Amino acid sequence: IQESDGYLDVFSLINTRHILFELLNINDSDKQDQQLHKLIVKNNWPILNYFQVNNSDSLEDKVIHLKEQLDERISNLENIVIESKDFYQYIKLNETRFRALSNEFSKVDKKQLVLTNKSNNIRKIEIKTFYNNTNGRGIIYFDVENDTIDLVDLSLNGYDLTFSPQETKIISVYASKNFEKSSWINASEFEIIEK
């Protein structure tokens, strides 16, 4: 069948029982995500994966859409100015997160974040971490206003903070003992959301 058509160069992918049975063994999630088709395209004509299936949107359209989402996310914190020499801010998907620049943690040398409400209205934010392993309790703490909150508790409940107009508050992050572990940079990552 493959070589019988004189007008078209035909290739039948499932022309053998072995290939047919292998295709039937693909798990359901890969079938629904069309992983086989995407891999075939990636290996043979990768530029096609930059276009959406059955859609005229291109990679440029996707980039424009992502930029719009990013701009919207950044504008959500436009009323609260955040300054720090100990943390850097980055966008992950549609979230604004903060991560320590150094893996050295101590009780004496606290990492600080200064938040200022630049608007003339009352503003509320929520602080939330993502580390919820209870074995890590009692290691990293956040000082917010007059409260000391364990890293694990911030992941479970978050913390709401209210700013008066033009008010400045400091968030401090420190450890119960001195240590230098790179894994705690990821563990102490947190998010600030303006409500």
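Computed from the coordinates by the stated procedures, all read-outs in this text should not be read as laboratory data. What you see is a predicted model; the values in this text were computed from it and never measured. Neighbour counts run over all protein chains shown; Cβ positions are idealised from the backbone, glycine included.
Tabulated results
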{"read-out": "Nearest-ten-degree value, helix 35-44 long axis tilted from longest Cα axis of the chain", "value": "70"}
{"read-out": "Exposed chymotrypsin sites (Phe, Trp or Tyr not before Pro) absent: longest stretch of the chain, with sites in DSSP loops and at most 16 other Cβ within 10 Å deemed exposed", "value": "52-129"}
{"read-out": "Cross-link reach list, lysines versus Lys107, counting only Cα pairs under 16 Å and skipping chain neighbours closer than eight places", "value": "Lys177, Lys181"}
{"read-out": "Helical mean residue ellipticity (222 nm; -39500 (n - 2.57) per DSSP H run of 4+; nearest 500) of the chain", "value": "-7500 deg cm²/dmol"}
{"read-out": "Modelled FRET efficiency - R0 30 Å, Ser29 with Leu156, Cβ distances, 0.05 increments", "value": "0.50"}
{"read-out": "Loop-located trypsin sites (Lys or Arg not before Pro) in region 80-128, at most 10 other Cβ atoms within 10 Å (DSSP)", "value": "Lys85"}
{"read-out": "Between helix 59-75 and the chain: long-axis angle, C-alpha atoms, 0 to 90°, nearest 10", "value": "10"}
{"read-out": "Region 145-169 and region 95-138: distance between their alpha carbon centers, rounded to Å", "value": "9"}
{"read-out": "Extension gain from Asn146 to Glu22, taking 0.36 nm per residue of separation minus the Cα-Cα distance", "value": "38.4 nm"}
